[in-house]
Amino acid sequence: MSHFERQDGILHIEQISLEKIGQDFGTPAYVYSKAAIEEAYLQYTEAFTGQKHLVCYAVKANSNLGVLSILANLGAGFDIVSGGELERVVRAGGDPSKVVFSGVAKLEWEIGKALELGIACFNIESETELDQINRIASDMNVQAPISIRVNPDVDAKTHPYISTGLKENKFGVSRDLAMSMYIRAEALSNIDIKGIDCHIGSQITDLQPFIEAMHRIIDMVDELEKVNIKLEHIDLGGGIGVQYKDESTIDVEEYAGAIQQSLGHRKHTLIFEPGRFIVANAGVLLSQVLHLKNNEGNNFVILDAGMNDLIRPALYQSWQAVSVVKTAAAESARYNLVGPICESGDFLARDRELTVAAGDYIAIHSSGAYGFSMSSNYNSRNRAVELIVSGDTVHQVRKRETIDDQLNLESLFPSAFSYSTHDK
């Protein structure tokens with residue numbers, strides 16, 4: 001069900017109006033529905049009822065502690081790509097034994113911390129990383145649980161920036177290299193082989209690439225068994241797309257059925273790493289109209305939110321739905337929605353038919369994933385407040401930044417040393 005609906009002409013999130021949220025908390029504001037997050041997670045995990053599995057939420061999609069704590073309370077696992085994300089999971093009440101650590105450039109302190117906390121698995125991306133993790137585990141006198149991330153060379157037919165399963169991408173290793181790495185890993189004294197991993201990309205709307213990747217991974221699992229390397233789990237990553245505009249998305253029940261059919265008689269645990277699927281459509285970016293402007297027939301809605309708040313439209317040329325929170329008493333027109341950033345690429349939507357006036361609130365939908373988590377202080381702008389709505393209650397889960405927050409880690413250059421070396 002939708003958790004964003006109009007009541008008396010005003011757009012609500014759950015049981016509270018976005019107009020009131022804008023008035024009470026200011027804008028820009030990221031606003032998330034607790035019920036929508038829970039519903040999406042449960043839909044995913046319940047699709048695999050009867051199959052041993054673990055859904056590990058991809059923290060990079062939205063790493064707010066409030067969001068993570070909702071998922072931790074539901075028993076979710078977590079997919080992390082940094083030590084900072086690991087710390088967030090722990091502080092949110094997540095179980096380290098349900099954490100998988102992905103990424104091509106894990107730092108030594110991150111690996112050490114993950115081993116200390118007893119995470120479920122490292123997804124290894126290179127031969128040198130295998131050696132690195134074995135050495136650190138040896139120094140700590142522990143066994144490091146690992147899987148090897150295989151690049152199945154499957155075209156996910158998605159945006160090139162979020163495609164990860166082709167041989168030209170930086171992620172994973174080839175099938176042949178993975179096979180040799182497994183054989184070498186079996187001989188390493190501080191490595192405990194747990195499974196195999198792949199992830200072919202994000203915002204995928206066609207089931208076939210997932211099936212093709214699963215078949216290639218299953219072939220490797222069977223080949224490894226022939227050399228007496230038995231895996232406990234198969235990690236298929238995430239990537240199921242969501243509807244931003246009019247995409248025909250994958251039905252998660254159909255996806256689950258296809259994956260389990262491919263698994264056949266095998267008894268492996270299945271691990272998944274969805275991020276966007278769980279949070280994208282659970283959140284909006286709420287902004288206020290500062291001005292309406294016409295440049296020789298080009299109409300602009302100038303907002304108080306910009307590309308520093310939501311970079312997806314500028315970075316990926318992505319489309320996200322836009323709603324005026326309260327219907328304005330004005331004539332409709334076609335507008336480009338732009339922000340205050342000093343860049344011509346600073347836009348949040350283009351060519352949208354809107355009935356809007358200065359002072360109105362605008363909701364940019366599908367902003368729960370890769371919205372705040374990719375935001376920045378570009379142009380020395382403060383990052384937005386983050387809010388979670390549960391029923392008719394609003395919880396502030398991240399305060400709006402202040403200029404002091406931005407500057408606290410910086411200092412002036414000491415004037416006593418502000419001379420050139422040529423003056424000596």
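Points worth noting:
- Listed residue pairs exceeding 29 Å between alpha carbons, taken from Lys34/Lys326; Lys60/Lys194; Lys20/Lys98; Lys106/Lys230: Lys20/Lys98
- FRET efficiency estimate (nearest 0.05) - Cβ-Cβ, Ala105 to Asp405, R0 30 angstrom: 0.60
- For the chain, the direction-averaged projected area of the alpha-carbon convex hull comes to 26.0 nm².
- All other residues whose Cβ lies under 12 angstrom from that of Leu18 are scored, Lys and Arg at +1 and Asp and Glu at -1, for a net of -2.
- Value at 222 nm in deg cm²/dmol, rounded to 500, when DSSP H runs of n ≥ 4 in the chain each add -39,500 (n - 2.57): -8500 deg cm²/dmol
- Summarising the label geometry, the points placed 7 Å from Cα in the beta-carbon direction at Ser380 and Asp192 lie 5.2 nm from one another.
- For region 28-65, the residues whose amide N sits under 17 Å from a probe point set 7 Å from the Cα of Asn73 along the beta carbon direction are 32-43, 64-65.
- Contact order relative to length of region 34-278, as percent, for alpha carbon pairs under 8 angstrom and 6 or more apart: 20
- Exposure proxy order (Cβ contacts within 10 Å, fewest to most) of Thr355, Thr402, Thr45, Thr205: Thr402, Thr355, Thr205, Thr45
- For the pair Thr393 and Leu65, the difference between a 0.36 nm per residue extended length and the Cα-Cα distance amounts to 116.3 nm.
- Near Ser390: Cβ cut-off under 11 Å, other residues only, Lys/Arg at +1 and Asp/Glu at -1. The net charge is -2.
- A Förster radius of 35 Å, combined with the Cβ-Cβ distance separating Glu225 from Glu254, puts the computed FRET efficiency at roughly 0.75.
- Between the alpha-carbon centres of region 180-259 and region 283-330 there is a gap of 38 Å.
- Sites listed here are GluC sites (Glu not before Pro) in region 326-359 whose DSSP assignment is loop and whose Cβ has at most 12 other Cβ atoms within 10 Å: Glu331.
- Take 87-95, 27-35, 47-55 and order them by the average number of nearby Cβ atoms within 10 Å per residue, most first; the result is 27-35, 87-95, 47-55.
- With the biggest extent put first, the Cα atoms of region 34-278 measure 50, 39, 35 Å across the principal axes.
- In a reduced charge model with +1 at each Lys and Arg Cβ and -1 at each Asp and Glu Cβ, region 34-278 shows a dipole moment near 320 debye about its Cα centre.
Read the figures in this text as sums done on the coordinates, not as results from a lab. Being a predicted model, the structure only gives us computed values, none of them experimental. Ideal geometry is used to build each Cβ from the backbone, glycine not excepted, and the neighbour counts take in all protein chains shown.
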